[in-house]
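Reviewing the structure listed below.
Values in this text are rule-based calculations from the coordinates and carry no lab data. What you see is a predicted model, and the numbers here were worked out from it, not measured in a lab.
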Amino acid sequence: MTDLIQQIIERKKQARRSLADLPVGEKLRILEKMLERDKKIGATRPTKPANPVRWKV
Amino acid sequence: MVPLGSMEKIFRLIRQMEADGVIGRYAIGGAVGAVFWLEPMTTKDIDVFVVLPKTPGGSLPTLTPIYDYLQERGYIAEGQYLIIEGWPVEFIPPGSPLVEEALREAVERDVDGISTRVFTAEHLAAICLQVGRAKDFDRLSRFVEQGALDAEKFESILRGHRLLDKWDDFQRSFLKT
């Protein structure tokens, strides 16, 4: 793994740690906002591939 | 501070349902439960694990009283969910001894002055390991990464539910660098 990728991973971990340390009420408010934003997303569903990859069981 | 909106109302309503005897002991699980211990993560629903009260005459307990109670208050059912304050909420009776234990040992948490009950981080992580979908493994690795799990408690739960082998497999696949 290159140094750059390692740095990006570390930064992401640090960002997640900072968010995790917030008070629960604050984190739930963020979650509420995320849901509100998700509801506003309007997207056209892409067509499915004719031969999709499937799990081998 | 911006007050909590829909989530506050849901926590109050669930507590009231418990006080009214519509549900027995309850606890928040799933992604919303995990948010009590980790960073906020996107989810489409709220999982409320509930002990269903005993029915008169000893017939099998069902979710019908929950649906009746909430529909009388204007909430609508959609598939396995009840839509409460815009959130799909699923009431789930425990389906395994691990979830039964998680419900028994769930902890009270205060959210902006509202008391609610949530699974412990260790039980949430053990349930992720047991269920074993891709999103569960992702959540489990976050619990480990954040240092949110008490090692002794977690291993004791895994031992009690014969999950130690699965934990070894998980560590080999996802945690070893």
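Worth pointing out:
- Per residue, chain A reaches -20500 deg cm²/dmol at 222 nm when only DSSP H runs of four or more residues are counted, each adding -39500 (n - 2.57).
- Share antiparallel - DSSP beta bridges, the protein assembly as shown, percent rounded to 5: 75
- Mean residue ellipticity at 222 nm, helices only, chain B: -12500 deg cm²/dmol; runs of at least 4 DSSP H residues each add -39,500 (n - 2.57), and the sum is divided by the number of residues.
- In order along the stretch B:136-151, the phi-based Karplus estimate (6.51 cos²θ - 1.76 cosθ + 1.60, θ = phi - 60°) of 3J(HN,Hα) comes to 6, 5, 4, 5, 4, 5, 5, 4, 5, 4, 7, x, 8, 10, 7, 4 Hz; Gly and Pro are listed as x.
- Table column - 3J(HN,Hα) (Hz), the stretch B:93-98, Karplus curve with 6.51, -1.76, 1.60, x for Gly and Pro: x, x, x, 8, x, 5
- Scanning residues 5 or more positions from B:Val111 or on other chains, those with amide H under 5 Å from its amide H are B:Thr116, with H placed 1.01 Å from N in the peptide plane.
- Straight-line reach from A:Lys33: taking Cα to Cα under 16 Å and skipping same-chain neighbours fewer than 8 places apart, the lysines in range are B:Lys9, B:Lys44.
- Whichever lysines have a C-alpha closer than 19 Å to that of B:Lys166, once near sequence neighbours (fewer than 8 apart) are set aside: B:Lys135, B:Lys153, B:Lys176
- Mean separation of Cα contacts under 8 Å, 6 or more apart, over the residue count of chain B: relative contact order %: 21
- Volume of the convex hull of the stretch B:110-174 (Cα atoms only), normalised per residue: 101 Å³.
- Nearby aspartates and glutamates by direct alpha-carbon distance to A:Lys40 (threshold 16 angstrom, same-chain neighbours under 8 apart not counted): A:Glu32
- For B:Ile92, residues with placed amide H under 5 Å, excluding near neighbours: B:Val48, B:Phe49, B:Val50
- Under 5 Å between amide hydrogens, built in the peptide plane, is the criterion, and for B:Ile84 it picks out B:Val89 among residues at least 5 positions away or on other chains.
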